[in-house]
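Participant: The structure under discussion is supplied below as structure tokens; questions concerning it will follow.
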Amino acid sequence: MNGLLLDLRDRLKPPLWEFINRAAKQAEERRWNLYLVGGIVRDLLVHQFDDRCPILFTDIDLVVDGFEGTAVTNGGIELAKILKQLYPNTRVEIHPKFQTADLIWKHDPEFDSLSIDFATARTEYYPYPGASPVVRASSIRQDLYRRDFTVNAFALQLTQPDRGKLLDFFGGREDLKNRLIRVLHPQSFFDDPTRIYRAVRYTLRLKSELEAQTRSYLNAAIDSGIHRQIQTEQTKVPGVQTRLKKEIKYMLEAPYWQTELKQLANLGALKFIHPQLTLDNRLFRQMQAIDRGLRRFHSFLKVRIDRWVILLELLLTRLDAEDGLQVAANLQLSEDSLDRLHKFYRFREHTLERLSQSQRTSEIVSVLQPHDLPFLILIAVCSSRSIRRKIWQYITQWSQIKPMLNGEDLKRMGYRPSPQFKEILEEVKIRTLDGEFGDRTQAETFVLKNYSPQ
Ligand code: ATP
């Protein structure tokens, strides 16, 4: 076994290593080649240069082709189905259009949660910029050529006769060593502009730079106005929007999101989200405030909210309501997000003014009470300091205040449940919030004086 395979064996849990070998054996029996591709091979190589680089095995990409570089139609799907029989605990998801299948474990005692992607070596072409690629079975070399960067275009052969051989047709190893991110052909960013986002991400993640020629291709794609074409074509082909959303998510989840976002904004690449979207200092500070707000109020969150979701929502609040909601729909954001954005635009137009004028605690509470925490954080970071203070105070103090009296107390005092009951409790709550009662006795005295028991 050679160095890279040994590294792989040492880094995989034994059941996963065994799985890879069983998959390779099944492929060999059918006279197919099986390769490990994608980030995992790159990271194994990076690890050879830089021992501190962690390898995350959250997904594994395998590719099948025929011996001597021939195409195997549906080889990936076939192999996934065969392994599903050997591993009954898995679920298989087939994507015939792309000739791929995923084998998925969920909370498995041995494999944990893991997805292994089986693809058939394929070539693809883009009918027009940003479209979903049209796919045809082909050899591993062509499969690697359709990839984004040289450092992502490696394949490690898992089957005999060349088991352990690294396929590096485009000089990826040299680029990794020299810390350069390089596309495989000049058309690359036109075919798929989301590679612009990927390029910036990899420069940060791999502590690399854009290779000079690649930088000029990237600038040319941004300056070409191709983003307009994507916006008009996207209703026909949602492919580019799906990839864009994935890249935005990657970016806003990463520890270096602030640097990446700034770099993309400086390049003018935010226009792929919307032509009018820019990042000024104010917006950037608001985004940092969201990040802090989510950490600070973590313990008040009733449901989990992903940081990237709310950061993206904040970006969209910069657009007017119609455009922001259109972008959110194009990116297929969740119902929750769409709902929050709808509410945000309405709140900004109709309610914010009232909040700025409210001085009484009970009034502020009645304005903020219907909204959940992510929404409140969103509104707070976009508002003036005085409003922001009110919202923070609402979250940490006023939302926790319980009225001095409850229904049981009223019954004990001789009141019977009736529509008046609700009215009394509401009044007690308002006065409690506004600090009018020093203690329970004062609350009881107020009720007895103003409402007669039926
Ligand atoms: P990581 O998730 O660690 O950044 P990865 O390489 O596994 O790395 P994925 O986004 O899962 O990242 O992509 C898997 C592989 O698919 C990449 O290594 C690359 O070869 C290819 N790929 C992904 N997106 C594109 C794209 N937009 N254009 C071309 N190739 C792509």
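The values are calculated or read from the model by the stated rules, or taken from the named source; none is laboratory data. A quick note: this is a predicted structure, and the numbers were derived from the prediction, not measured. Cβ sites come from the backbone with ideal geometry, for glycine too, and all protein chains shown count toward neighbours. Only protein heavy atoms, including side chains, enter the accessible area calculation; ligands, DNA and RNA are left aside. Shrake-Rupley method; radii C 1.70, N 1.55, O 1.52, S 1.80 Å.
Participant: Ignoring any ligand, DNA or RNA, what whole percent of the accessible area of segment 377-446 comes from carbon and sulfur when the probe is 1.4 angstrom? Can you show the working numbers first?
Facilitator: Details: 1910 of 3880 Å².
In segment 377-446, the share of accessible area belonging to carbon and sulfur is 49 percent.
Participant: What order, most packed first, do the peptides 81-90, 143-152 have when packing is the mean number of other Cβ atoms within 10 Å of each residue? List each step's numbers first, then the result.
Facilitator: Working: 81-90: 14.6, 143-152: 22.0.
Descending packing order for the listed peptides: 143-152, 81-90.
Participant: Using a 7 Å offset from the Cα along the Cα-to-Cβ direction at both residue 303 and residue 169, what is the distance between the two label points in nm, to one decimal?
Facilitator: 4.7
Participant: Run lengths n ≥ 4 of DSSP H only: what is the helix-derived mean residue ellipticity at 222 nm for the chain, with -39500 (n - 2.57) per run over all residues, to the nearest 500? Provide the component values of the computation, followed by the final result.
Facilitator: Details: 23 runs with 238 residues, N = 454.
So the helix-based figure for the chain works out to -15500 deg cm²/dmol.
Participant: With 10 Å bins from zero, work out the P(r) of segment 179-273 over every alpha carbon pair and list the percent per bin.
Facilitator: That works out to 16, 51, 30, 3, in percent per bin.
Participant: Can you tell me which aspartates and glutamates have their Cα less than 15 Å from the Cα of residue 411? Leave out same-chain residues fewer than eight positions away.
Facilitator: Within the straight-line limit of under 15 Å, residue 411 reaches these aspartates and glutamates: 423, 444.
Participant: Next up: Given 10 Å bins starting at zero, what is the percent of C-alpha pairs of segment 1-171 in each, up to the one with the largest pair distance?
Facilitator: Pairs per bin, as whole percents: 10, 40, 38, 12, 1.
Participant: Report the charge-dipole magnitude of segment 407-450 in Debye, nearest 20, computed about the Cα centre from +1 at each Lys and Arg Cβ and -1 at each Asp and Glu Cβ. Write down the numbers at each step before the final one.
Facilitator: Values: 8 positive and 9 negative charges, 44 e Å.
With Lys and Arg at +1 and Asp and Glu at -1, about 220 debye.
Participant: Leaving ligands, DNA and RNA out of it, report the carbon-plus-sulfur percent of the accessible area of segment 179-273 at a 1.4 Å probe.
Facilitator: Of all accessible area on segment 179-273, carbon and sulfur atoms account for 49 percent.
Participant: Let me have the relative contact order for segment 179-273, percent, based on Cα pairs under 8 Å that are six or more residues apart. Please list the in-between numbers first.
Facilitator: Values: 75 pairs, mean separation 32.9, N = 95.
Relative contact order for segment 179-273 comes out at 35 percent.
Participant: Here is a further query. Strictly over 18 Å apart at the Cα level, which of 429/449; 402/422; 246/271 would you flag in this model? Intermediate results must be reported in sequence, preceding the final value.
Facilitator: On the way: 429/449 16 Å; 402/422 15 Å; 246/271 16 Å.
Cα-Cα > 18 Å for no pair; all within.
Participant: Which order do the peptides 26-34, 394-402, 258-266 come out in when sorted by mean C-beta neighbours inside 10 angstrom, highest first?
Facilitator: Numbers: 26-34: 19.4, 394-402: 13.7, 258-266: 17.1.
Top of the packing list down: 26-34, 258-266, 394-402.
Participant: Can you grab the distance from the C-alpha centre of segment 25-41 to the C-alpha centre of segment 413-432, Å, no decimals?
Facilitator: Going from one Cα centre to the other spans 72 Å.
Participant: Over segment 1-171, give the accessible area per residue in Å² for a 1.4 Å probe, as an integer.
Facilitator: Details: 7770 Å² over 171 residues.
Ligands and nucleic acids excluded, the result is 45 Å² per residue.
Participant: When each pair of different Cα atoms in the chain is counted once in the 1/r mean, what is the Kirkwood radius in angstroms, to one decimal? Working shown, then result.
Facilitator: Values: mean 1/r = 0.0387 Å⁻¹.
After inverting the mean inverse Cα-Cα distance, the result is 25.9 Å.
Participant: Next question, about the same structure. Would you mind putting 373-381, 275-283 in packing order, based on average other-beta-carbon counts within 10 Å, highest first?
Facilitator: Working: 373-381: 21.9, 275-283: 13.1.
By packing density, highest mean first, the sequence is 373-381, 275-283.
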